[in-house]
Amino acid sequence: MEKELKYKRKNLKTKIEEWGEDLEDKPRVLEKITRVKKKEINPWFMILPAFLLLLILNIFPLIWSLGISFYRFSIIIKEIPRYVGGLNYINILTNPETWDRVIRTGIYVVYSISLQFGLSLLVTLLLFETFRGKRIIITLFMIPFMIAPVASALIFRYLLDENLGPVNSILNSLIGYKPLWFSTDISPLGIPYALLTVILVETWIWTPFVTFLLLAGMSAIPQDLVEQSRADGLKFRYKFRYVILPYIKPMMAIALIFRFMDSLKTFDSVYILTAGGPGSTTELISVYIYRVAFERWDFGSATAISYLVLVIVIFMTNVFMRYIIGVSSVEKG
Amino acid sequence: MKKANTYSKALLQYRIKRYLRFALILFILIVYLIPVYEMFVLAFKSRTEMYSNYFIITQPTLDNFKEAYEHGAYSAIVNSVIVTAGGVSISLILALLASYAFSRYPVKGKNLLMFYILSTRMMPPIALIIPVYIMFFKLGLKGTYGGLVLAYAMMTLPLSVWMIKSFIDDVPVDIDQAALLDGHSTTYILFKIVFPMIAPGIAASASFAAITVWNEFLFALLLSGIETKPTSVLLSSIRGERGFNWGRVAAIEVVYILPIIALIFWLQKYMLRGLTFGTVRK
């Protein structure tokens, strides 16, 4: 077997040497090579370990949790899981609490994504022209995004401390007003201050991410186009409309998709900042699921809600991802 | 003469605009980084000064670090290192093999599998943690390093597979085929030719995976025990009887974020791939 393989390879090699450099028959030879290769190792053996890990810790749990969602189940109370059919789903769908959290998450997503995109668009446009030290500035700008959200949220709890924190003491000396950052008071933006705080911190964390993607899109603008627009003395709004926008559009789409998906998952910073409180002012959907599962220990309902969220996310991923793949293949081609 | 004058005027205007723009961007950057700066300031401040002289240190002290060390910060950092190293190395080994197969062979159902792997990135971790929690609870893995390492290996596998695949895709297939014609085995091609060629890419993928694990909170919160508590969980539970001791919190935070800040400068080149799962390349 081994010998035969070696012989085959040798044969192939001499053949290729005979045919010289530019083979007309290249596809056939390549096919032959692949066949030789195939005999050595089945690619499935290389994929299998990774696939097994995902099977055990991802696919199986997800299927299992679908099962759990049809049971009354808790690991704290020593009671046998009881099959309740679709009761969990009926309960959560008729419970106004769930819809309240869904709406809250929606508000949060809309506000935080628009803030992030607005701010990063501003920064991106300011970085339109090249100058020395641009790379360093971009890299420094990435720090808030790369460090742990737990650490960021904690430092904001200090900065926004209602009585003693630096932000409030500066605001107090400037405009003589101390906003209660972690309260249910309505902020000028029409949402409670606590929710606004969560949105601001998330914006602080994620704006660099969006900015980076937009900058990557902008770096694809051909340099002669930039120079031409400068030589023509193009007005800024035309420059933006006809030079910049077409190039950052695909990246904006990608950033939007990523941000949308990740916003639905926000947990760390909210948990540290407010833990969903006061009351349920900042209880986004993932914090709500956490509370149902690990504070009320109602695994049945928790898995039912998370399954609904999951279905929405998977559906959106499918739709969006096709678009992403389309966009990136267009860019390459 | 007049023409030259308008020209120089326009040039001057352009220069002023340029400097203004630069000043503005610098200003935004400085304001933006104040929270990070504040972490460092707080960490070196004495306790009496916590709520005065906000942005400057008058008497730098290392007391906060000492106190953090006494309150279990050391073991938390060690735990973080253990689970990060464990999780990343497992996922890296699995991802190297799988991504090579994905990149080079026409495996049946490849697109579907790759797509599934990518979609795990989009899943909310909260949906996954409940069944995993029950599973680990029943298997006795909750509170052990092994459980966390496995969970993190699973969590970072998708990023590693996609990113390493994008690097392998950049290596021309001709190189593999030439080596094959020379009579080398697949293992040889993998470990002696392809992987060394993309070594920086592998290191970058590993770093992104490591940062993900290092920063992770939800899984750590629910799956770690008292002895295996990583830094993120320690930080979340650090509140004392009389509110926060900000000096101690900041001291732990500084140790926690310093390695990442150091890594960012090196990772700059690979950032785009890391952020978009290798789907967008530059």
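Among the helices of chain B, those built from whole DSSP H runs whose Cα atoms reach 27 Å or more along their own axis and whose mean Kyte-Doolittle hydropathy is at least 1.6 are B:246-267.
Counting neighbouring beta carbons within 10 Å and listing from fewest to most, the residues A:280, A:112 come out as A:280, A:112. Net charge dipole, segment A:182-333: roughly 520 debye, given to the nearest 20, about the Cα centre with Cβ charges of +1 for Lys and Arg and -1 for Asp and Glu. Each of A:267, A:317, A:211 was placed along the dipole of segment A:211-333 (beta-carbon charges, centred on the mean Cα), and the one lying farthest toward the positive end is A:211.
Report the Stokes-Einstein translational diffusion coefficient (µm² s⁻¹, integer) for chain B, Rh taken as the Kirkwood radius over Cα pairs, at 10 °C with viscosity 1.306 mPa s. Rounded to a whole number, D works out at 71 µm²/s. Panel order for B:67, B:253, B:38, by other beta carbons found within 10 Å of each beta carbon, from fewest to most: B:67, B:38, B:253. Peptide B:265-275 has a mean of 4 when you count, residue by residue, the C-beta atoms of other protein chains within 10 Å of its C-beta. Computed packing ranks the peptides A:249-257, A:123-131 as A:249-257, A:123-131, most packed first, by mean other Cβ atoms within 10 Å.
If you find the alpha carbon centre of segment A:198-222 and of segment B:116-140, how far apart are they in angstrom? Computed from Cα coordinates, the inter-centre distance equals 29 Å.
Here the protein assembly as shown is assigned +1 on the Cβ of each Lys and Arg and -1 on the Cβ of each Asp and Glu. Its dipole about the Cα centre then comes out at about 1520 debye.
The trypsin sites (Lys or Arg not before Pro) of segment A:157-236 that DSSP puts in a loop, and whose beta carbon has at most 10 other beta carbons within 10 Å, are A:235. Each of B:237, B:173, B:91 was scored by the projection of its Cα onto the charge dipole of the protein assembly as shown, and the greatest displacement toward the positive side belongs to B:173; charges sit on the C-beta of Lys, Arg, Asp and Glu. In the frame of its principal axes, the protein assembly as shown has Cα extents of 96, 88, 51 Å, reported largest first. Ranked by how many other Cβ atoms sit within 10 Å of their own Cβ, fewest first, the residues B:167, A:45 fall in the order A:45, B:167. For segment A:160-299, rounded, prolate or oblate, judged on the Cα gyration tensor with a ≥ b ≥ c (square roots of eigenvalues), a/c < 1.5 rounded, else prolate if a/b > b/c? Here segment A:160-299 falls in the oblate category. Ordering B:252, B:188, A:190 by the projection of their Cα atoms onto the charge dipole of the protein assembly as shown, which places +1 on the Cβ of Lys and Arg and -1 on the Cβ of Asp and Glu, puts B:188 at the extreme positive end.
Counts of other chain beta carbons within 10 angstrom of each beta carbon in peptide B:149-157 average 3.
Look at where the Cα atoms of segment A:118-161 and of segment B:1-58 average out, and the two centres are 13 Å apart. Computed over the alpha-carbon pairs of segment A:57-190, the distance histogram in 10 Å steps reads 9, 18, 26, 23, 16, 8, 1 percent, short to long. Less than 5 angstrom separates the built amide H of residue A:71 from those of A:84, all sequence-distant by 5 or more or on a different chain.
Take each residue in B:84-97, count the other chain C-beta atoms within 10 Å of its C-beta, and the mean is 2. For segment B:1-148, pairs of C-alpha atoms spaced more than 24 angstrom apart make up 69 percent of the total. Placing +1 on the Cβ of every Lys and Arg and -1 on the Cβ of every Asp and Glu, with nothing else charged, gives chain B a dipole about its Cα centre of roughly 1360 debye.
We did not get these values from a lab; they are worked out from the coordinates using the rules stated. Nothing here was measured: the structure is a model prediction, and the numbers come from that model. Cβ: placed from backbone, ideal geometry, glycine included. Neighbour counts: every protein chain shown.
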